[in-house]
Amino acid sequence: MATFRFYAQLNDFLPHALRHGRFAHPLRGPASVKDAIESLGVPHPEVDVITVNGEAAGFTYRLRDGDHVCVYPVFRQLDLGGLARVGTDPPRPVRFALDIHLRKLASLLRLAGFDAMLLTEDAEVAETSAAEGRVALTRDVGLLKRSVVQHGRWIRNTDPELQLAEVLDRFDLASEMTPFTRCMECNTPLVRVDENFHRCPGCERLYWRGSHYDRLVELLERTRARLAQSSDYPIDIGE
Ligand SMILES: [Zn+2]
């Protein structure tokens, strides 16, 4: 038997009865702490720091009877005292690989200027993420549990506009937006034709300052306002 405690947003993956508190979990044979964490529902790319009996531990740590495990997500504004991380930051500039169900989010990330590749198969998302250092974005927890995935997030929100704010907040990208520089349809960087027109060399789509443009500008302004309000995840450290 080992005990577990998951912090902040990692509780989103647990059954209600196990959230925000310490609970006992039986050990069935030898298991790494990573296997135990994922069997409880939490995909490894969401984990940033693990402690066992108060000491930082890696994913491969072999659990022993009586161990006390604490598992933390990334905190942008909280220093966990220099504890060794199991998580790593994605390479900058941050680029994304999204599963096909997040088509609208992909389009909005491109609107904000980010390289957002949309892929049909889960395996493609996982492998492209690993091969190109892209952050895998999905609503499928199982995809993030694939061992090749290093950087990823399970998208909590269902509304695409809120999903955009969620991703920019998590990866601290508010200051890296470059709106209207990338095609919302095909992810290709746009070419300026003149003051009012941009053209996509990938799909030949034209972008101009019509009423659609104004709506997109407003969407980005709402997103910036959301990011300005955000103050990290709810912190519940200290039992
Ligand atoms: Zn295009």
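The values are calculated or read from the model by the stated rules, or taken from the named source; none is laboratory data. Everything quoted here is computed from the prediction, not taken from an experiment. Positions of Cβ are backbone-derived with ideal geometry, glycine not excepted, and every protein chain shown enters the neighbour counts.
Please state which one of 142, 113 is more than 12 Å from the chain's Cα centre (by Cα) and either at positive phi or at pLDDT below 95 (or both). Can you show your working first?
Numbers: 142 fails: either at positive phi or at pLDDT below 95 (or both).
After applying the criteria, what remains is 113.
Checking residue 156 against (1) within 11 Å of the chain's Cα centre (by Cα); (2) crowded, with 21+ Cβ neighbours inside 10 Å; (3) not hydrophobic (A, V, I, L, M, F, W, C), which single condition isn't satisfied?
(2)
Within the set of pairs 6+ apart or on separate chains, which have a first residue in the stretch 68-93 that is closer than 26 Å to residue 176 by Cα, a second that is at pLDDT below 90 and buried (at least 18 other Cβ atoms within 10 Å of the Cβ), and C-beta atoms under 7 Å apart?
As it stands, the answer is 73/233; 75/233; 87/74, since those pairs meet every condition given.
Can you find even one residue in the stretch 70-80 that is hydroxyl-bearing (Ser, Thr, Tyr) and either under 30 Å from residue 230 (Cα atoms) or in contact with a strand residue (DSSP E or B) (Cβ under 6 Å, 6 or more places away or on another chain) (or both)? Lay out the reasoning, then the answer.
So the first thing to find is which residues in the stretch 70-80 are hydroxyl-bearing (Ser, Thr, Tyr), and the list is 72.
Within this subset, residues satisfying the condition of being either under 30 Å from residue 230 (Cα atoms) or in contact with a strand residue (DSSP E or B) (Cβ under 6 Å, 6 or more places away or on another chain) (or both) are 72.
The answer is yes; a qualifying residue exists.
When the residues of the stretch 96-131 are filtered to those that are more than 20 Å from residue 157 (Cα to Cα) and not hydrophobic (A, V, I, L, M, F, W, C), which remaining residue is surrounded by the most Cβ atoms within 10 Å (Cβ to Cβ)?
My answer is 129.
Quick check on residue 84: is it surrounded by 20 or more Cβ atoms within 10 Å (Cβ to Cβ) and either out of contact with any Pro (no Cβ under 8 Å at 6 or more places or on another chain) or not aliphatic (A, V, I, L, M) (or both)?
Working: surrounded by 20 or more Cβ atoms within 10 Å (Cβ to Cβ): no; either out of contact with any Pro (no Cβ under 8 Å at 6 or more places or on another chain) or not aliphatic (A, V, I, L, M) (or both): yes.
So residue 84 does not fit the description; no.
Could you tell me which residue of the stretch 3-19 is surrounded by the most Cβ atoms within 10 Å (Cβ to Cβ), considering only residues that are assigned to a helix (DSSP H, G or I) and under 17 Å from the mean Cα position of the chain (by Cα)? Steps first, answer last, please.
Narrowing the stretch 3-19 to residues assigned to a helix (DSSP H, G or I): 8-13, 16-18.
Imposing the further condition that a residue be under 17 Å from the mean Cα position of the chain (by Cα) reduces the set to 8-13.
Details: 8: 19, 9: 19, 10: 22, 11: 19, 12: 15, 13: 19.
That would be 10.
Given the conditions (1) assigned by TED's automatic domain parsing to the domain that holds residue 185; (2) surrounded by fewer than 22 Cβ atoms within 10 Å (Cβ to Cβ); (3) touching a residue at least 12 places away in the same chain (Cβ under 8 Å), which single one is not true for residue 135?
Going through the list (1) assigned by TED's automatic domain parsing to the domain that holds residue 185; (2) surrounded by fewer than 22 Cβ atoms within 10 Å (Cβ to Cβ); (3) touching a residue at least 12 places away in the same chain (Cβ under 8 Å), residue 135 breaks only (2).
Under 6 Å between Cβ atoms, at least 6 apart or on separate chains: pull out the pairs that start in the stretch 178-196 with a residue that is assigned by TED's automatic domain parsing to the domain that holds residue 112 and end on any residue that is among the basic types (Lys, Arg) and more than 13 Å from the ligand (Cβ to nearest atom).
196/209
Being of a type in the set (Lys, Arg), within 17 Å of the chain's Cα centre (by Cα) and part of a loop (DSSP other than H, G, I, E, B) is true for just one of 76, 28, 64. Which residue is that?
Details: 28 fails: within 17 Å of the chain's Cα centre (by Cα); 64 fails: within 17 Å of the chain's Cα centre (by Cα).
One residue alone meets the criteria, 76.
From 193, 167, grab the single residue that is assigned to a strand (DSSP E or B) and more than 11 Å from the ligand (Cβ to nearest atom). Break it down into steps so the answer makes sense when it comes.
Details: 167 fails: assigned to a strand (DSSP E or B).
Every option except 193 fails the conditions.
Taking the stretch 171-190 only, how many residues are near the ligand (Cβ under 9 Å from one of its atoms) and among the aromatic types (Phe, Trp, Tyr)?
At the first step, the residues of the stretch 171-190 found to be near the ligand (Cβ under 9 Å from one of its atoms) are 182-188, 190.
Pick out the ones that are also among the aromatic types (Phe, Trp, Tyr) and you get none.
Selection size over the stretch 171-190: 0.
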